[in-house]
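The values are calculated or read from the model by the stated rules, or taken from the named source; none is laboratory data. Bear in mind that the values here come from a model prediction, so they are computed numbers and not experimental data. Please note: Cβ atoms are built from the backbone with ideal geometry, for glycine as well, and neighbour counts cover all protein chains shown. Surface accessibility is based on the protein's heavy atoms, side chains included, excluding ligands, DNA and RNA. Shrake-Rupley method; radii C 1.70, N 1.55, O 1.52, S 1.80 Å.
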Amino acid sequence: AAARDGINLGEAAAVFVLTHDRALTEAHTPEGDPMIRLASWAETSDAHHISSPDPEGLAVEAAIRRALAMAGADTVDYVNAHGTGTPANDAMEAAVYARCFPGVPVSSTKPVTGHTLGAAGALEAAVAVEVLRRGLAPANLSDLPADPAYAAAGLRIVEGAPLPGDYHRVLSASFAFGGSNAVLILEKTS
C-alpha cells in the first residue's frame, strides 16, 4: 500500500514432513493432491545494515539466481514475497523481482498473518505449498490504495482476490536482520 508504515507482528508455526523416498515423491497424497518437492534453496548475507536491506538487493538477487540454477529453471510461476510492509524492504524486493521475474505474479501474506519473525520462513513456505496444491496465488490484502511504484516497476502484484493459475514452481523469499537472505523453490512433482 502506498501509505504503509511498517510491520505488524503475528504468531505462527509450521511442520513439514520431508522424505528422500523417490516412490513417495512421485506419488499423490491420499486425497489425490500432488506431492510437493523442495526443488532448491539458496542463501546469502549482505551484512548491509542491522535492520535495513541493501537498497539494490544484489545479494537477494544472487540467492534467487543460485536457487534457479539448482532447480534447473529460468523462472517461477509465482513469488511469495517477504513483504514486510516497510518502504526500504518493499522497494528492494520490487527492484529484485522486476529484474528476475517480470510479469510473474507476486504477493505477500504478511497483511493477513503479520510478520511472525522466526516462523516467517516456515509459514511462507506453507503458503507456497498451498499455492501449488490449490492453484491460487493469495492477494495482497489491504484497504489502502496500492503503491503505484510497483506497477511502474513492471511487477504483477496480485490484488483484490486470489489469482487462479497453473502453478508448478513457486519461490518463497525470507530475509532477516543483519542482511540474511534465504529463498526456497518448491515444485509439484506431477
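Quick notes
- Per residue Cα convex hull volume in Å³ - calculated over the range 34-137: 108 Å³
- Taking the longest Cα principal axis of the chain as reference, the axis of helix 120-134 is set at about 50 degrees.
- Highest mean first, the peptides 165-172, 41-48, 105-112 sorted by other C-beta atoms within 10 Å per residue fall in the order 105-112, 165-172, 41-48.
- For the range 162-189 and the range 53-96, distance of Cα centres in Å: 9 Å
- The residues of the range 34-189 expose on average 44 square angstrom of accessible surface per residue, using a 1.4 Å probe on protein heavy atoms.
- Shape call, the chain: gyration tensor on alpha carbons, a/c limit 1.5: prolate
- Remark: the ALA88-ARG134 segment gains 13.4 nm on full extension, using 0.36 nm per residue and subtracting the alpha carbon distance.
- Placing a pseudo-label 7 Å from each Cα along the Cα-to-Cβ vector at SER52 and LEU18 gives an inter-label distance of 3.5 nm.
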